[in-house]
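A short worksheet on the structure shown next.
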Amino acid sequence: MRRVSSSGEGSNPLLTAVTRLRDAVDGASLPIDVPGVAMARTERERLLDQLDDYVIPRLSSLDAPLLAVVGGSTGAGKSTLVNSVVGREVSLPGVLRPTTRSPVLIHHPDDARWFANQRILPRLARITGKHSSSDGPGAVRLVGTDAIAPGLALLDAPDIDSVVAANRDLATELLAAADLWLFVTTAARYADAVPWDLLRQAAERGTAVAVVLDRVPAESLEEIRTHLAAMLRQQELHEAPIFTVLESQLEDGMLPAAQTKRLRDWLDALAGDAQARAEVVRQTLTGALASLDSRTAALVDASAVQVDAADALVVAARTTYEEGLAQVQRGMHDGTLLRGEVLARWQEFVGTGEFFRQVESTVSRVRDRVTAFFKGEPAKAEHLGEALQTGVEALVTNRADLAASETARTWRTLPGGAHLLATTDGLLRSSPDLNAQTARLVRDWQGDILEMVRNEGRDRRTTARIMAYGVNGLGVVLMLVTFASTAGITGAEVGIAGGTALVGQKLLEAVFGDQAVRELARQARVRLVERVTDLYEAERRRYDDAVAGLAVRTSQATELEQAAAEVRSAR
């Protein structure tokens, strides 16, 4: 987090409010790649840069020298113009493109204290000494000279349309730090789109602007100047003075003194008139402060979109796992768990359909055969229990796997989802240990059922009946009854499954009574659903944690709105 320290915040309510807004902007993040987010991130950085580089420093030091930033297109002659105004080479011009590789700040020696520290342009290092062609955009070169009057400083910026992105970004940042933008263009390029985009921003933000029209053929001067003035009026920059420089032969690398005299005189007058300087500062500072509302509002809107995008990712995962749980619950009721292996194992005990037809009249025989089944043939009981366990595990695991794959499929269609899937391990499928977790879940649920059977047999008479069948045997039958239904089963399996349900229910009713059996089956279903819910929530939390890692704060928009409101109140 970048932080600009400002003296006197406590005694200046506006400075305090702006500093709080700055911190809110700095703390704002836009991590999800929603449509339009690239522009929103750029605007956030530009807003933060202007707060750091201009608004806060200027509010902290209203009496600091006026900073005029010289900006313009590639090859407009900015450095040559600055050297000519100063009267010596202070900025290195070049025939190669891009030119002006690093910014150069020219000031009177008495004003050095205002620029030597990080008061303005805090992220740029300060360098002095002989100019070098190896200078980079990460520093600002300070040049002190008596050729420029106290109270005014010139900053030669990189090209605003440089082919080097770092140069373009730095030029935009420097222009946002200006009390006055001295825009340099040429007769051939004064209508180019890029500089006019920046000039429109300057007009919208109330920045003071002056224009230098360079390399103008004498015969075209009036026509071009008139057209440029009309374009400035269209952008509500009609008060911007225009200084023209005719196409001229350089003299020792400098423009003829006569061509820059009017501009030099205007700058000298501005430097010597404290009231005029204060008016320029007031205009630009007022405009910058007024622009904070709309610029912060745009960041508020972008923050709200981020919250919506994060919520959509969370909801997508929640929806798929809720549907997975619903499918498990349907599977518990529709009889599908009584297919295949479970029915085969049950038939080892119940035999043929003739057995089912005798159930209602021969419950005692059922009891005898069940007792023999669980006490005399424990291997068959184990096989039935294992078949039931395998069926439940398969249902729970399959629906979890489907939920994971459906979440991944949906996330690929949502902003930010594909990035999270690519950068977060394991989100394309269920957890690696899901099978082991599910097996443990079913074993624990079987333990719940056995405990329920024991608790139900607390009185002496029921205990005797339970002992006659065995707790484990009754537990397996209760599992069968828990899943008993013929919905969703077709063909010959209907009769078999129906018989399964009837036999099991009649047996349990003989031991516990019909009301107790219904309650036991209900509790068994509830316990299983609770355990599956916990498992699926743990699976879903992997996706929630991935979204949480983006650090999208729901309070961000409110914090920005409140900070902007404080600035409005303090203005």
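The residues of the range 205-252 that are open to solvent by less than 90 Å² (accessible area, probe 1.4 Å), over 20 Å from residue 176 (Cα atoms) and part of a strand (DSSP E or B), listed by number, are 213, 214, 216, 242, 243, 244, 245, 246. Pairs are defined by a Cβ separation below 6 Å, a sequence spacing of at least 6 or placement on different chains, a first member in the range 425-442 that is in a helix (DSSP H, G or I), and a second member that is open to solvent by 50 Å² or more (accessible area, probe 1.4 Å) and not acidic (Asp, Glu); the pairs so defined are 441/531.
Do we have any residue at all in the range 65-80 that's farther than 28 Å from residue 246 by Cβ and touching a helix residue (DSSP H, G or I) at 6+ places or on another chain (Cβ under 8 Å)? For the range 65-80, residues farther than 28 Å from residue 246 by Cβ and touching a helix residue (DSSP H, G or I) at 6+ places or on another chain (Cβ under 8 Å): present. Within the range 304-323, residues that are within 10 Å of residue 32 (Cβ to Cβ) sit with their Cβ atoms under 6 Å from residues that are part of a helix (DSSP H, G or I), at 6+ positions apart or across chains, in these pairs: 310/547; 313/417; 313/547. A single entry from 314, 300 fulfils the requirement of being within 15 Å of the chain's Cα centre (by Cα) and either open to solvent by 40 Å² or more (accessible area, probe 1.4 Å) or under 17 Å from residue 568 (Cα atoms) (or both): 300. Output the residues belonging to the range 361-386 that are at pLDDT 60 or above and surrounded by 20 or more Cβ atoms within 10 Å (Cβ to Cβ). Selection gives 384 alone. For residue 560, the conditions (1) at pLDDT below 95; (2) surrounded by 21 or more Cβ atoms within 10 Å (Cβ to Cβ) are fulfilled apart from (1). So residue 265 clears everything in (1) without any contact (Cβ under 8 Å) to a residue 60 or more places away in the chain; (2) surrounded by 14 or more Cβ atoms within 10 Å (Cβ to Cβ) except one condition, right? Which one? Failing condition for residue 265: (2).
Looking for something assigned to a helix (DSSP H, G or I) and under 22 Å from residue 557 (Cβ atoms) - is there at least one such residue anywhere in the range 255-276? Within the range 255-276 (the criterion being assigned to a helix (DSSP H, G or I) and under 22 Å from residue 557 (Cβ atoms)), the answer is no, since none of the residues qualifies. Return the residues of the range 14-36 that are open to solvent by less than 10 Å² (accessible area, probe 1.4 Å), of a type in the set (Val, Ile, Thr) and assigned to a helix (DSSP H, G or I); say none if nothing qualifies. Matches in the range 14-36: 18, 19, 25.
Selection of the range 393-452 for residues being surrounded by 14 or more Cβ atoms within 10 Å (Cβ to Cβ) and acidic (Asp, Glu) yields 393, 401, 406, 448.
Among the residues of the range 173-204, the ones that are assigned to a helix (DSSP H, G or I) and either open to solvent by less than 10 Å² (accessible area, probe 1.4 Å) or not polar (S, T, N, Q) (or both) come to 15 in all.
Rundown of residues vs (1) modelled with pLDDT under 90; (2) of a type in the set (Ser, Thr, Tyr), yes/no style:
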{"residue": "137", "(1), (2)": "yes, no"}
{"residue": "145", "(1), (2)": "no, yes"}
{"residue": "150", "(1), (2)": "no, no"}
{"residue": "159", "(1), (2)": "yes, no"}
{"residue": "162", "(1), (2)": "yes, yes"}
{"residue": "166", "(1), (2)": "yes, no"}
{"residue": "176", "(1), (2)": "yes, no"}
{"residue": "180", "(1), (2)": "no, no"}
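For the range 412-419, the criterion of being among the charged types (D, E, K, R) and over 18 Å from residue 532 (Cβ atoms) is met by at least one residue.
Taking the range 511-550, which residues are outside any helix (DSSP H, G or I) and without any contact (Cβ under 8 Å) to a residue 24 or more places away in the chain? Residue satisfying the conditions is 513 alone. Filtering 187, 149, 202, 176 for residues that are touching a residue at least 40 places away in the same chain (Cβ under 8 Å) and either within 44 Å of the chain's Cα centre (by Cα) or closer than 18 Å to residue 53 by Cβ (or both) leaves a single hit, 176. Of the helices (runs of 4 or more DSSP H) that lie entirely inside the range 37-94, those containing 1 or more residues that are over 20 Å from residue 201 (Cβ atoms), open to solvent by less than 30 Å² (accessible area, probe 1.4 Å) and at pLDDT below 95 span 78-86. A Cβ distance below 6 Å, combined with a sequence gap of six or more or placement on separate chains, defines the contacts here; from the range 240-255, residues that are farther than 20 Å from residue 90 by Cα reach residues that are surrounded by fewer than 16 Cβ atoms within 10 Å (Cβ to Cβ) and at pLDDT 90 or above in the pairs 243/262; 246/218; 247/217; 248/256. Filtering the range 95-111 to residues that are at pLDDT 90 or above and surrounded by fewer than 21 Cβ atoms within 10 Å (Cβ to Cβ) leaves 108, 109, 110, 111. Between 252, 273, the distinction of being more than 30 Å from residue 15 (Cα to Cα) and of a type in the set (Asp, Glu) belongs to 252 only.
Tell me whether the range 557-569 contains one or more residues that are in a helix (DSSP H, G or I), within 29 Å of residue 445 (Cβ to Cβ) and without any contact (Cβ under 8 Å) to a residue 60 or more places away in the chain. No, the range 557-569 contains no residue that is in a helix (DSSP H, G or I), within 29 Å of residue 445 (Cβ to Cβ) and without any contact (Cβ under 8 Å) to a residue 60 or more places away in the chain.
The values are calculated or read from the model by the stated rules, or taken from the named source; none is laboratory data. It should be emphasised that the depicted structure is a prediction, and the values quoted were computed from it without experimental measurement. With ideal geometry, Cβ positions are generated from the backbone for all residues, glycine too; neighbour counts draw on all protein chains shown. The area values use the complete protein model at the heavy-atom level, side chains included, leaving out ligands, DNA and RNA. Shrake-Rupley method; radii C 1.70, N 1.55, O 1.52, S 1.80 Å.
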